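The structure appears below as structure tokens.
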Amino acid sequence: MLDTTSDASRARVRARYRAESRFKLYGLVAIAIAAAFVLALLSSVLITGLPAFTQHAMRATLTVERGDIDPDSKGISPETIKAADYTAIVSKALSAAFPETADNPRSDVIELLSTGAGDRLRASLLADPSQIGKPVSVDLLLAADADLYMKGEGTVVSSASGTGSVTPSGRSGAIELTVTNRAFAGALQSLKDDLSRKASVLEADYERLSRINSPDAKSAADTKRGEAQALRAKIADAGGEEALLSSLPSRLVAVHGGLVKLESLNADRAKGTVLLALKEQAPSSDWRLVTYETAESDRRLSDQKVAWLESLRQQGQVEAQFNSLFFTSGDSREPEMSGILGSLTGTVLTLLVTLTLCLPIGVLGAVYLEEFAPKNWFTAALELNINNLAAVPSIVFGLLGLAVFLNMIGLPRSTPIVGGLVLALLVLPTIIIATRAALKAVPPSIREAALGIGASQQQAVFHHVLPLAVPGIMTGTIIGMAHALGETAPLLMIGMIAFIVDVPGSITDAATVLPVQIYLWSDLPERAFQARTAAAILVLLGVLFLMNGMAIWLRNRFERRW
């Protein structure tokens, strides 16, 4: 007889309880770690992708003259409105904002705007040609680099009020600024501090390279040492004039409504170039020392462009808007013009072909195997192959599609019909397995009751068993389609990696799909495409969550407990 009251027996029980508690703790820790990784991943994608859902535009009022639209006097028509040079037209808005660029049509200021900045103006004039010759308010889309700067991915701009007074020698071009009370002494010391930090970096590089036994390393080390010594000599020169290097933070003076970029300075005076024209040339005690903390050589935007953007920001002419182009346009080489409509349409068409093929074939095949097929070696081998196909790597189906659908049959490359055929082969085993599981879940008494009242086997299956298995079939189908939605490898093999600008209109038009679009954008070097890549991932995840949520809802809504 087992003694459960002894100390040894109680010790064994306590040990089992402790083991069970440890097992639960291990499970909770594992779940917490997995949740932390998922949360970190989603947070990273959200932080990176959310900026892509907004886009900055310059608010401007333009008067589009008849000669701008119809220079050859052919008459105003939709064709002449479409063919007009909107780059020249929108440059008027920039010339009005920055009069100093009006005489230079090739000024860099036009690069602040997207190449498609005039598209909204064109659409507005096409909708209402009577606006020609009248002031028209329009939002001009900023270029990708300018948009990133307005979102805070450029440089930190700081400013401090100047002491004493400053006297400019001119209003534009290269000028000299003279100050009282040695007002540039602080800026000069700050510049020497920057030079000292740069010299320290060069000295550290010299020490590192000098330890490498290589002629090239020795030459590079000597160069670093020479540069460091030159900087130390400049720092030691207390009274000399210091030149501002492009590898150091940019220093500017804001005075008389203009902006002067300093190129050299000492405590009493500075030389520089006017970035924004000064309104007057008189001495002024109201001036500020502005610093662009990131060196110009480390930015995509020059000091001149940053000055223009800051001026537009201060005037309230730039505003952030919802980026509707991301959802209403196709792919583009320009990040600010690119969107997911083409890939999203291609995804819908591809999945439509997939569903049309694999759902009826998969369900009927599962019904035959589960309800009608004889139990012999042939059906056993068929079932074994279906189960194996469900575990085959997806790229194998891509190779099959490349060999059969493209090379043998000759279907058009990079089209939804080929993509749908390949994904149908991928999803078909999943639907067959899910359908057979749903049929098995129907109690045998349903079949027996139908047969008992005189129904044939076919009637019992299609009138009674199959309708009751529909919720399980639908759940399996949606999960299979969600699996297909996220596949990239098989579609790459059939050419759906092509750069497609136009939105496909049918299953035979060239197209791409959302996962492949994400892959293409992730390989592009432009910084703005990183945000769009993450935004497209968010859209894809949203569709996947929606499909899986629908599967869960259908299962709970129609599930029956027998």
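The values are calculated or read from the model by the stated rules, or taken from the named source; none is laboratory data. Remember, it's a predicted structure, so these values are computed and weren't measured experimentally. Positions of Cβ are generated from backbone atoms using ideal geometry, with glycine treated the same way; all protein chains shown enter the neighbour counts. Only protein heavy atoms, including side chains, enter the accessible area calculation; ligands, DNA and RNA are left aside. Shrake-Rupley method; radii C 1.70, N 1.55, O 1.52, S 1.80 Å.
How large, in percent, is the carbon and sulfur part of the accessible surface of the range 479-533 at a probe radius of 1.4 Å?
Working: 1250 of 2150 Å².
Taking all protein chains in place, the range 479-533 shows 58 percent carbon and sulfur surface.
The range 346-380 to the range 29-49: how many Å between their Cα centroids?
Cα centroid to Cα centroid, the span is 37 Å.
Let me check against my output: what whole-number percent is the relative contact order of the range 206-346, with C-alpha pairs under 8 Å and at least 6 apart?
That works out to 15 percent.
Could you pull out every one of the aspartates and glutamates with an alpha carbon less than 20 Å from that of K440, ignoring same-chain neighbours closer than 8 positions?
Leaving aside aspartates and glutamates fewer than 8 places away in the same chain, those within reach of K440 are E370, E371, E383, E448, E559.
Would you mind putting 546-556, 35-45 in packing order, based on average other-beta-carbon counts within 10 Å, highest first?
546-556, 35-45
If I model a spin label at T508 and S169 as a point 7 Å from the Cα along the Cα→Cβ vector, what separation in nanometres do I get?
Between T508 and S169, the label points sit 7.4 nm apart.
Find how many whole Å separate the alpha carbon centroid of the range 193-243 from the alpha carbon centroid of the range 256-287.
31
Rolling a 1.4 Å sphere over the protein heavy atoms, what is the accessible area per residue of the chain, to the nearest Å²?
With all protein chains present, the chain gives 52 Å² per residue.
Anything over 21 Å Cα to Cα? Flag those among K192/K305; K192/K279; K198/K271; K92/K134; K234/K271; K192/K261, in the order listed.
On the way: K192/K305 26 Å; K192/K279 32 Å; K198/K271 23 Å; K92/K134 14 Å; K234/K271 18 Å; K192/K261 18 Å.
Exceeds cut-off: K192/K305; K192/K279; K198/K271.
Between L399 and S247, what FRET efficiency comes out of the Förster formula 1/(1 + (r/R0)^6) with R0 = 60 Å and r the beta carbon distance, rounded to 0.05?
0.75
When the Karplus curve 6.51 cos²θ - 1.76 cosθ + 1.60 is applied with θ = phi - 60°, which whole-Hz ³J(HN,Hα) does each residue of the range 187-202 get, with x for Gly and Pro?
Whole-Hz 3J(HN,Hα) from phi for the range 187-202: 5, 5, 5, 4, 5, 5, 5, 4, 5, 5, 5, 5, 5, 5, 5, 5.
Which value at 222 nm does the chain reach when only helices count, each DSSP H run of 4 or more adding -39,500 (n - 2.57), with the total divided by all residues and rounded to the nearest 500 deg cm²/dmol?
Estimated from H runs of four or more residues: -17500 deg cm²/dmol.
Once you list every other residue whose beta carbon is under 14 Å from the beta carbon of E203, what net charge do they have if Lys and Arg are +1 and Asp and Glu are -1?
+3
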